[in-house]
1. Considering only residues that are surrounded by fewer than 17 Cβ atoms within 10 Å (Cβ to Cβ) and in contact (Cβ under 8 Å) with a residue 60 or more places away in the chain, look in segment 400-409 and name the one that is farthest from Gln373 (Cα to Cα).
2. Identify the single condition in (1) within 24 Å of Tyr471 (Cα to Cα); (2) under 17 Å from the mean Cα position of the chain (by Cα) that Thr276 does not satisfy, given that it satisfies every other one.
3. Taking segment 606-631 as the search range and keeping residues that are closer than 21 Å to Val79 by Cβ and without any contact (Cβ under 8 Å) to a residue 60 or more places away in the chain, which one is farthest from the chain's Cα centre (by Cα)?
4. Quick check on my filter: what residues within segment 437-464 are under 28 Å from Tyr395 (Cβ atoms), touching a Gly at 6+ places or on another chain (Cβ under 7 Å) and of a type in the set (Gly, Ala, Ser)?
5. Would you check if there is a residue in segment 109-122 being surrounded by 15 or more Cβ atoms within 10 Å (Cβ to Cβ), closer than 21 Å to Leu458 by Cα, at pLDDT below 80 and hydrophobic (A, V, I, L, M, F, W, C)?
6. Output the number of residues of segment 245-260 satisfying the condition of being farther than 18 Å from Thr362 by Cβ and under 25 Å from the mean Cα position of the chain (by Cα).
7. Residue by residue through segment 96-153, note down the ones that are among the aliphatic types (A, V, I, L, M) and in a loop (DSSP other than H, G, I, E, B).
8. In the list Met672, Met606, which residue meets the criterion of being surrounded by 19 or more Cβ atoms within 10 Å (Cβ to Cβ) and at pLDDT 90 or above?
Amino acid sequence: MYRSDPHIILSFTIAGTLALLFLPILCGCSIRAANTAIPPAINGKQEDPVTDELQQLIFSYVEDLLETQEGETDYGSIVEILESLAVHPLNLNSASADELRQLFMLSEWQISQLMQHIDSHGNLISIYELQAIEGFTPSDIRAIEPFVTVSDDLPRRHFIRSNIMDEGENVLFLRYQQLLEQQKGFSDITPEELLANPNARYPGSPLRLYARYRFTWYQNISLGITAEKDPGEEFFTGSQPKGFDFYSGHFFLKDMGRIKVLSLGDFQAQFGQGLTFWSGMGFGKSTEGIGVKKNGLGLRPYTSVDENNFLRGAGITIQVGPVEVTGFYSSKYRDASVAQSDSLTGEPLTITSLRQSGLHRTPGELAGKNAVQERIGGGNITFRRKRLKVGLTGYMFRLGAEYQRNLTFYNQFDFSSNHYHGAGLDYSYLHRNMHFFGETAFGGNGKMALINGMMISLHRQFSLALIHRHYDPAYQSPFAAAFGENSRTTNEKGLYLGVKMQLSPRLTVYGYADHFSFPWMRFRTYMPSHGSDYQLNLDFEPSNETRVSFRFRRKNKPLNNNESSSRQTASSHVRFLEKVCRSQYRMNLSYHISPSINLRGRMEFMTHRHGDQKESGFLLYQDILYRNARHPLALTFRFALFDTEGFDSRIYAYEHDVLYAFSFPFYSDQGMRTYMVARWRLLRNVDLYARLSRTMYINRTHSGSGLDRIEGPTRTEVKAQVRLRF
């Protein structure tokens, strides 16, 4: 069987790019260009509109998103979209609803109100006219102001070589990252010991290397190549003679006549509410309370380094009047744990799991690399008419080997086959001050899942969101990422209520209440269960220089009783559920002591109770941010103290990082942590980044486990990056 080589994939991507690029040039085509503005030029060169202050605003928004997702997630695509809009702001007078959805700060209700206002009263004269539109508050206007413009000019952008070369932007990233302390996997070992256990050490260096080139022309053309090497993987030697372990390439064309989107190479596909098909990142509960509706953006270029969860092939969206038709096909090889192989060809016959780590260091990990072929074909038909949108999504999925999970009583409904198909119907409807949305999906086994929601603007300063979901325990969709409490879209019922109240221009209260139940057993929960999740936020800005916020969150999600529970004897194997309650109390303070220096601090306390066992922890940190538009140097420094009684009382906190890299670690045990991020604008188009972080434990003599174990109480990481724009 033919196996896809990364260089072959990139060659096809580049060849397709050149063919598609020169065809419209020869034909003299033009594309719609009324949505964005060209940034001002100084001495014939564009002035960089992405200032340090604006980057800080973008990172603050991403931090708010991350705070509801406990764990590390790649949100680089959000930053890329917002930075692109900062360079080429959306023209509110001509932007479509899909283009406005790229502003993640805007709700569907606000987008509808804006477009209705323009239809009824004509074009906006100033962005501050938004204050007269129901649903927009002063804080909303301040949030979107850097990414939008207001203009009556509707130029057409001609798809010709000179325009593309003059107005396009090339960006090259090179990044290096390394832990300074030695991990066990990189320590010395005798040849005899390694021969006896080949998986006892990592053959590659401890460096993490990342490289990316991307060319963009507004949001209409994107061409990029991404490559990454993880620590422990070999580089241009041994198991990796072609250099990087992971290569990704894409070509993306948007809004060219009836071709709304054309994507070649690696891409993502997102439709409806994520109940049927959704690849890439998906948001869950919102810090703001009401921002819970998913906006499927259809086909999108893939620029991340997750080595498994993306599509590789081709996709196209064609628009004919109110109808959009999308089709896509993907074929790539996935990492898997192989249980049985063909004795003659070596091809896998059965697999027991699809691996997600993307790590290929030891012989054991390399044995499962690209082990099984994954083929996906699907499409979507969407009809839009004024305030109504209806979409139909379907897909077929096939693996090159039989998938035989290790099933037990709690996961007996999980997907375990070499093929699958699914279909779903989604809708969105606006009526006055109410926005209704939802999706109903059917899996190949006939089981159903549905989600329905409603967002209401009861007053200019008061909005709420309501979501009901019902996912059958046997519903299967390997590509679903709908709203819910579970990490997977299955075995869940729930009712969510979110509210946002603008009590004054400087005081906002928002939060949510979510009640959920699990009709069948789950991992570590060996009987049906139910729980709740509550969050309340208070955001107060006494002045333009000061912001104070308070947050309270309490989640109750039962688990099996602890082994050491007083209700269980040593000889008993009976499991029962115990209440697990996690409570968090947080206060943030941000203060600008000068135009260049911003102080940010946080104090957080949390408790975790599992039955009769209780843990608690606290985190205290202080950030100092230095930004001066007249100086090329920007600095961010943090000093943090933490003390938790165990892993269950860990506390997550967002950390600043080099551009397009994200750090969202948890603080556990006792110790202190510091880091510093520096950015030096060496030349107008050359930025240098550096980050040094260090964790010092008080109550531990080591960190990590297995081959990642570090002897000693410290853990130090260094990171360097260069960005070239030309």
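1. Pass one, segment 400-409, residues surrounded by fewer than 17 Cβ atoms within 10 Å (Cβ to Cβ): 402, 404-409.
Pick out the ones that are also in contact (Cβ under 8 Å) with a residue 60 or more places away in the chain and you get 404, 409.
Working: Gln404: 15, Phe409: 29 Å.
Among those residues, the one meeting the criterion is Phe409.
2. The single condition Thr276 does not satisfy is (2).
3. Tyr626
4. Residues satisfying the conditions are Gly438, Ala441, Gly443, Gly444, Gly453.
5. Scanning segment 109-122, I find at least one residue that is surrounded by 15 or more Cβ atoms within 10 Å (Cβ to Cβ), closer than 21 Å to Leu458 by Cα, at pLDDT below 80 and hydrophobic (A, V, I, L, M, F, W, C), so the answer is yes.
6. To start, the set of residues in segment 245-260 that are farther than 18 Å from Thr362 by Cβ comprises 247-260.
Next, only the ones that are under 25 Å from the mean Cα position of the chain (by Cα) stay: 247-255, 260.
Residues flagged as farther than 18 Å from Thr362 by Cβ and under 25 Å from the mean Cα position of the chain (by Cα) within segment 245-260 amount to 10.
7. Leu103, Met105, Leu106, Leu124, Ile125, Ile133, Val150
8. After ruling out the rest, the residue left standing is Met606.
The values are calculated or read from the model by the stated rules, or taken from the named source; none is laboratory data. Just so it is clear, the structure is predicted and the values come from calculations on it, not from any experiment. For neighbour counting, all protein chains shown are included, and Cβ atoms are generated from backbone atoms with ideal geometry for every residue, glycine included.
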